[in-house]
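The structure under discussion appears below in the form of C-alpha coordinates.
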Amino acid sequence: MTGRDRLLVVDGGAALKDDLERGVVVVPHRVSVGGTEFVDDGSTERYQEFYTLLRGGATTATGTPSPAAYLEAFRRSEATTVLCLTIPERWSAMNSTANMAADILANEEGRRRVTVIDTGTAAAGFSLVAWCAAGLLESIDDSNAWELAVRTACAQVKVYGALATLTYVARTGRVPTLIAGISNTLKVRPVFRLAGGDTGRVGLARTASGAIRQLETVAAKELGPDPQWVMIFHADAPEEAAELAERITRTVHPVRCENLPLSPMFGAHTGPGTIGFAALPWPGGQPGD
(Lines give C-alpha, C1' and ligand atoms only; values in the text may rest on other atoms or scores of the structure.)
Protein backbone atom coordinates (compact mmCIF):
# COMPACT_ATOMS: atom_id res chain seq x y z
CA MET A 1 0.00 0.00 0.00
CA THR A 2 1.09 3.55 -0.55
CA GLY A 3 0.28 6.73 1.33
CA ARG A 4 -0.06 8.80 -1.84
CA ASP A 5 -3.39 10.60 -2.09
CA ARG A 6 -3.57 10.18 -5.88
CA LEU A 7 -3.09 7.22 -8.18
CA LEU A 8 -2.91 6.75 -11.95
CA VAL A 9 -4.12 3.42 -13.37
CA VAL A 10 -3.49 2.42 -16.99
CA ASP A 11 -3.27 -0.81 -18.97
CA GLY A 12 -0.13 -2.20 -20.56
CA GLY A 13 -0.77 -0.43 -23.86
CA ALA A 14 0.26 2.87 -22.25
CA ALA A 15 3.92 1.76 -22.22
CA LEU A 16 4.32 2.91 -18.63
CA LYS A 17 6.08 0.83 -15.99
CA ASP A 18 4.24 -0.14 -12.82
CA ASP A 19 5.59 2.05 -10.01
CA LEU A 20 3.39 2.21 -6.95
CA GLU A 21 5.76 4.55 -5.12
CA ARG A 22 5.43 7.02 -7.97
CA GLY A 23 1.66 6.53 -7.99
CA VAL A 24 1.35 4.52 -11.22
CA VAL A 25 -0.30 1.09 -11.47
CA VAL A 26 -0.39 -0.93 -14.69
CA VAL A 27 -3.09 -3.49 -15.46
CA PRO A 28 -1.54 -6.19 -17.68
CA HIS A 29 -3.13 -6.85 -21.05
CA ARG A 30 -2.80 -10.34 -22.56
CA VAL A 31 -2.25 -10.91 -26.27
CA SER A 32 -1.70 -14.26 -27.94
CA VAL A 33 -0.18 -14.79 -31.36
CA GLY A 34 0.24 -18.20 -32.93
CA GLY A 35 -0.46 -19.86 -29.59
CA THR A 36 2.19 -17.84 -27.75
CA GLU A 37 0.91 -15.54 -25.02
CA PHE A 38 2.40 -12.12 -24.38
CA VAL A 39 1.68 -10.18 -21.22
CA ASP A 40 1.58 -6.52 -22.25
CA ASP A 41 2.57 -4.79 -19.02
CA GLY A 42 4.60 -1.83 -20.27
CA SER A 43 7.76 -3.85 -20.81
CA THR A 44 9.19 -3.95 -24.37
CA GLU A 45 11.52 -6.96 -24.05
CA ARG A 46 9.40 -9.39 -26.11
CA TYR A 47 8.07 -6.99 -28.75
CA GLN A 48 10.48 -8.29 -31.40
CA GLU A 49 9.36 -11.87 -30.81
CA PHE A 50 5.74 -10.80 -31.14
CA TYR A 51 6.25 -9.03 -34.47
CA THR A 52 8.37 -11.87 -35.84
CA LEU A 53 5.46 -14.25 -35.27
CA LEU A 54 3.02 -11.73 -36.71
CA ARG A 55 5.10 -11.26 -39.87
CA GLY A 56 5.23 -15.04 -40.18
CA GLY A 57 1.46 -15.18 -40.63
CA ALA A 58 0.39 -16.12 -37.10
CA THR A 59 -3.05 -14.92 -36.08
CA THR A 60 -3.66 -12.92 -32.93
CA ALA A 61 -6.23 -12.85 -30.17
CA THR A 62 -6.57 -10.08 -27.63
CA GLY A 63 -8.51 -10.07 -24.40
CA THR A 64 -9.81 -7.27 -22.22
CA PRO A 65 -8.49 -7.21 -18.65
CA SER A 66 -11.18 -8.46 -16.29
CA PRO A 67 -13.07 -6.35 -13.74
CA ALA A 68 -11.13 -8.28 -11.11
CA ALA A 69 -7.83 -7.13 -12.63
CA TYR A 70 -8.91 -3.50 -12.49
CA LEU A 71 -10.34 -3.95 -8.98
CA GLU A 72 -7.02 -5.38 -7.80
CA ALA A 73 -5.23 -2.38 -9.31
CA PHE A 74 -7.55 0.08 -7.54
CA ARG A 75 -7.14 -1.72 -4.22
CA ARG A 76 -3.35 -1.45 -4.34
CA SER A 77 -3.61 2.10 -3.01
CA GLU A 78 -5.76 3.94 -0.51
CA ALA A 79 -5.47 7.10 -2.61
CA THR A 80 -8.53 9.32 -2.34
CA THR A 81 -8.29 10.23 -6.04
CA VAL A 82 -7.71 7.50 -8.63
CA LEU A 83 -7.74 8.27 -12.34
CA CYS A 84 -8.02 5.27 -14.65
CA LEU A 85 -7.32 5.92 -18.32
CA THR A 86 -8.67 3.74 -21.13
CA ILE A 87 -8.93 3.78 -24.89
CA PRO A 88 -12.38 4.56 -26.38
CA GLU A 89 -15.30 2.32 -25.48
CA ARG A 90 -16.19 1.80 -29.15
CA TRP A 91 -12.84 0.06 -29.69
CA SER A 92 -12.58 -1.96 -26.51
CA ALA A 93 -14.58 -3.04 -23.48
CA MET A 94 -11.84 -1.81 -21.16
CA ASN A 95 -13.69 1.40 -20.33
CA SER A 96 -16.89 -0.37 -19.28
CA THR A 97 -14.88 -3.05 -17.47
CA ALA A 98 -12.93 -0.44 -15.51
CA ASN A 99 -16.16 1.38 -14.65
CA MET A 100 -17.66 -1.87 -13.40
CA ALA A 101 -14.66 -2.37 -11.11
CA ALA A 102 -14.93 1.25 -9.91
CA ASP A 103 -18.60 0.68 -9.04
CA ILE A 104 -17.77 -2.50 -7.11
CA LEU A 105 -15.11 -0.67 -5.11
CA ALA A 106 -17.46 2.24 -4.39
CA ASN A 107 -20.12 -0.16 -3.08
CA GLU A 108 -17.56 -1.93 -0.91
CA GLU A 109 -16.09 1.21 0.60
CA GLY A 110 -19.16 3.45 0.67
CA ARG A 111 -17.32 6.17 -1.23
CA ARG A 112 -16.28 6.79 -4.84
CA ARG A 113 -12.61 7.50 -5.35
CA VAL A 114 -12.06 6.10 -8.87
CA THR A 115 -12.79 8.12 -11.99
CA VAL A 116 -12.51 6.29 -15.31
CA ILE A 117 -11.59 8.51 -18.25
CA ASP A 118 -12.17 7.56 -21.87
CA THR A 119 -9.14 9.26 -23.44
CA GLY A 120 -10.68 9.28 -26.92
CA THR A 121 -7.37 8.15 -28.38
CA ALA A 122 -5.26 5.05 -28.88
CA ALA A 123 -1.79 3.77 -29.77
CA ALA A 124 0.86 6.45 -29.10
CA GLY A 125 -1.87 9.00 -28.37
CA PHE A 126 -2.96 6.90 -25.41
CA SER A 127 0.65 6.47 -24.30
CA LEU A 128 1.34 10.19 -24.59
CA VAL A 129 -1.70 11.11 -22.49
CA ALA A 130 -0.69 8.51 -19.90
CA TRP A 131 2.91 9.77 -19.77
CA CYS A 132 1.63 13.33 -19.43
CA ALA A 133 -0.75 12.30 -16.62
CA ALA A 134 2.09 10.59 -14.77
CA GLY A 135 4.26 13.69 -15.10
CA LEU A 136 1.49 16.02 -13.96
CA LEU A 137 0.96 13.75 -10.97
CA GLU A 138 4.35 14.95 -9.77
CA SER A 139 3.94 18.62 -10.65
CA ILE A 140 0.30 19.40 -9.75
CA ASP A 141 -0.65 19.18 -6.08
CA ASP A 142 -4.41 19.69 -6.35
CA SER A 143 -6.39 16.58 -7.37
CA ASN A 144 -9.10 18.50 -9.23
CA ALA A 145 -6.50 20.48 -11.15
CA TRP A 146 -4.69 17.24 -12.01
CA GLU A 147 -7.86 15.67 -13.39
CA LEU A 148 -8.67 18.79 -15.40
CA ALA A 149 -5.17 18.85 -16.88
CA VAL A 150 -5.46 15.18 -17.87
CA ARG A 151 -8.83 15.76 -19.52
CA THR A 152 -7.35 18.73 -21.37
CA ALA A 153 -4.55 16.50 -22.66
CA CYS A 154 -7.15 13.99 -23.88
CA ALA A 155 -8.91 16.73 -25.82
CA GLN A 156 -5.70 18.14 -27.31
CA VAL A 157 -3.72 15.05 -28.30
CA LYS A 158 -3.45 14.24 -32.02
CA VAL A 159 -2.25 11.06 -33.66
CA TYR A 160 -1.11 10.62 -37.26
CA GLY A 161 0.04 7.36 -38.74
CA ALA A 162 0.50 5.23 -41.83
CA LEU A 163 -0.36 1.55 -42.09
CA ALA A 164 1.82 -0.76 -44.16
CA THR A 165 -1.26 -2.87 -44.92
CA LEU A 166 -4.98 -2.88 -44.14
CA THR A 167 -5.01 -6.64 -43.52
CA TYR A 168 -4.79 -6.43 -39.73
CA VAL A 169 -7.21 -3.58 -39.16
CA ALA A 170 -9.66 -5.35 -41.51
CA ARG A 171 -9.70 -8.28 -39.10
CA THR A 172 -11.13 -5.95 -36.45
CA GLY A 173 -14.16 -5.27 -38.67
CA ARG A 174 -13.40 -1.56 -38.93
CA VAL A 175 -12.35 -1.74 -42.59
CA PRO A 176 -14.28 -3.86 -45.08
CA THR A 177 -12.24 -6.86 -46.20
CA LEU A 178 -12.82 -6.00 -49.88
CA ILE A 179 -11.34 -2.53 -49.44
CA ALA A 180 -8.38 -3.98 -47.58
CA GLY A 181 -7.78 -6.44 -50.40
CA ILE A 182 -7.85 -3.72 -53.05
CA SER A 183 -5.53 -1.51 -51.01
CA ASN A 184 -3.05 -4.34 -50.51
CA THR A 185 -3.16 -5.33 -54.18
CA LEU A 186 -2.39 -1.76 -55.21
CA LYS A 187 0.24 -1.53 -52.46
CA VAL A 188 -1.34 1.62 -51.07
CA ARG A 189 -0.54 2.80 -47.55
CA PRO A 190 -3.38 4.73 -45.86
CA VAL A 191 -2.24 7.77 -43.87
CA PHE A 192 -4.68 8.48 -41.06
CA ARG A 193 -5.48 11.03 -38.38
CA LEU A 194 -7.00 10.44 -34.94
CA ALA A 195 -8.05 13.50 -32.96
CA GLY A 196 -11.00 14.46 -30.80
CA GLY A 197 -12.19 10.86 -30.80
CA ASP A 198 -12.62 10.81 -34.58
CA THR A 199 -10.55 9.01 -37.20
CA GLY A 200 -10.09 9.93 -40.81
CA ARG A 201 -7.83 9.46 -43.81
CA VAL A 202 -5.49 12.30 -44.69
CA GLY A 203 -3.81 10.69 -47.67
CA LEU A 204 -2.50 7.63 -49.47
CA ALA A 205 1.08 6.63 -50.20
CA ARG A 206 2.65 3.83 -52.19
CA THR A 207 5.95 3.62 -50.28
CA ALA A 208 7.22 4.07 -46.76
CA SER A 209 9.15 7.16 -47.88
CA GLY A 210 5.98 8.61 -49.38
CA ALA A 211 4.10 7.98 -46.14
CA ILE A 212 6.86 9.69 -44.14
CA ARG A 213 6.71 12.74 -46.43
CA GLN A 214 2.93 12.95 -46.00
CA LEU A 215 3.27 12.70 -42.22
CA GLU A 216 5.87 15.48 -42.28
CA THR A 217 3.54 17.65 -44.37
CA VAL A 218 0.55 17.16 -42.09
CA ALA A 219 2.71 17.88 -39.03
CA ALA A 220 3.77 21.22 -40.47
CA LYS A 221 0.20 22.05 -41.46
CA GLU A 222 -1.65 21.06 -38.31
CA LEU A 223 0.85 21.53 -35.47
CA GLY A 224 2.36 24.84 -36.47
CA PRO A 225 5.14 26.57 -34.50
CA ASP A 226 3.84 25.97 -30.97
CA PRO A 227 5.95 23.85 -28.55
CA GLN A 228 4.94 20.19 -28.72
CA TRP A 229 5.52 16.95 -26.89
CA VAL A 230 5.99 14.45 -29.72
CA MET A 231 6.02 10.67 -29.55
CA ILE A 232 7.15 8.76 -32.65
CA PHE A 233 5.73 5.24 -32.80
CA HIS A 234 6.36 2.21 -34.96
CA ALA A 235 5.36 -1.43 -35.20
CA ASP A 236 8.66 -3.21 -35.89
CA ALA A 237 9.84 -0.46 -38.25
CA PRO A 238 12.68 1.27 -36.37
CA GLU A 239 14.49 2.62 -39.45
CA GLU A 240 11.36 4.29 -40.86
CA ALA A 241 10.60 5.66 -37.38
CA ALA A 242 14.09 7.14 -37.14
CA GLU A 243 13.66 8.89 -40.50
CA LEU A 244 10.24 10.18 -39.46
CA ALA A 245 11.66 11.50 -36.17
CA GLU A 246 14.41 13.36 -38.02
CA ARG A 247 11.89 15.00 -40.34
CA ILE A 248 9.39 15.85 -37.62
CA THR A 249 12.01 17.46 -35.38
CA ARG A 250 13.04 19.70 -38.28
CA THR A 251 9.46 20.60 -39.13
CA VAL A 252 7.81 21.39 -35.80
CA HIS A 253 8.93 22.66 -32.39
CA PRO A 254 9.32 19.57 -30.18
CA VAL A 255 10.23 20.20 -26.56
CA ARG A 256 10.34 16.44 -26.07
CA CYS A 257 10.53 13.80 -28.78
CA GLU A 258 10.52 10.15 -27.87
CA ASN A 259 10.52 6.91 -29.82
CA LEU A 260 7.93 4.31 -28.84
CA PRO A 261 7.77 0.73 -30.13
CA LEU A 262 4.06 -0.01 -30.53
CA SER A 263 2.84 -2.53 -27.95
CA PRO A 264 1.37 -5.91 -28.97
CA MET A 265 -2.04 -4.68 -27.79
CA PHE A 266 -2.06 -2.08 -30.57
CA GLY A 267 0.29 -3.80 -33.01
CA ALA A 268 -2.07 -6.76 -33.29
CA HIS A 269 -4.62 -4.42 -34.90
CA THR A 270 -2.38 -2.15 -36.96
CA GLY A 271 0.07 -4.79 -38.17
CA PRO A 272 3.84 -4.59 -38.52
CA GLY A 273 5.31 -1.71 -40.51
CA THR A 274 2.96 0.90 -39.06
CA ILE A 275 4.64 4.23 -38.31
CA GLY A 276 3.42 7.59 -37.05
CA PHE A 277 3.51 10.15 -34.30
CA ALA A 278 1.38 11.58 -31.52
CA ALA A 279 1.59 15.22 -30.50
CA LEU A 280 0.43 17.20 -27.52
CA PRO A 281 0.88 20.92 -26.86
CA TRP A 282 3.59 21.27 -24.26
CA PRO A 283 1.93 21.59 -20.81
CA GLY A 284 2.15 25.22 -19.77
CA GLY A 285 2.79 26.34 -23.32
CA GLN A 286 6.52 27.00 -23.00
CA PRO A 287 9.58 24.84 -22.33
CA GLY A 288 10.43 24.68 -18.69
CA ASP A 289 6.99 25.82 -17.45
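The values are calculated or read from the model by the stated rules, or taken from the named source; none is laboratory data. Just so we're clear, the structure is a prediction, and the values are computed from it rather than from any experiment. Cβ sites come from the backbone with ideal geometry, for glycine too, and all protein chains shown count toward neighbours.
Of the candidates Ser92, Ser77, Ser96, the single residue that is in contact (Cβ under 8 Å) with a residue 60 or more places away in the chain and either more than 12 Å from Val27 (Cβ to Cβ) or of a type in the set (S, T, N, Q) (or both) is Ser77.
One line per residue, one yes/no per condition, for (1) buried (at least 20 other Cβ atoms within 10 Å of the Cβ); (2) charged (D, E, K, R):
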position	(1), (2)
Val10	yes, no
Leu16	yes, no
Leu20	no, no
Val31	yes, no
Glu37	no, yes
Asp40	yes, yes
Thr86	yes, no
Trp91	no, no
Asn95	yes, no
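For the stretch 32-47, state whether one or more residues are touching a Lys or Arg at 6+ places or on another chain (Cβ under 8 Å) and part of a loop (DSSP other than H, G, I, E, B). Yes, because at least one residue in the stretch 32-47 is touching a Lys or Arg at 6+ places or on another chain (Cβ under 8 Å) and part of a loop (DSSP other than H, G, I, E, B). When Ala58 is tested against (1) farther than 18 Å from Val27 by Cα; (2) not in a loop (DSSP other than H, G, I, E, B), exactly one condition is not met: (2). Taking every residue in the stretch 251-267 that is within 17 Å of Tyr51 (Cα to Cα) and pairing it with any residue that is surrounded by fewer than 17 Cβ atoms within 10 Å (Cβ to Cβ) and at pLDDT below 90, at least 6 positions away or on another chain, the pairs with Cβ-Cβ distances below 7 Å are Pro261/Thr44.
Name the residues in the stretch 238-269 that are of a type in the set (Gly, Ala, Ser) and under 17 Å from the mean Cα position of the chain (by Cα), would you? Within the stretch 238-269, Ala241, Ser263, Gly267, Ala268 qualify. Of all residues in the stretch 215-250, those that are within 14 Å of Gly161 (Cα to Cα) and part of a strand (DSSP E or B) total 5.
Among the criteria (1) free of Cβ contacts under 8 Å to residues at least 60 places away in the same chain; (2) in a helix (DSSP H, G or I); (3) surrounded by 18 or more Cβ atoms within 10 Å (Cβ to Cβ), the one Gly125 does not fulfil is (1).
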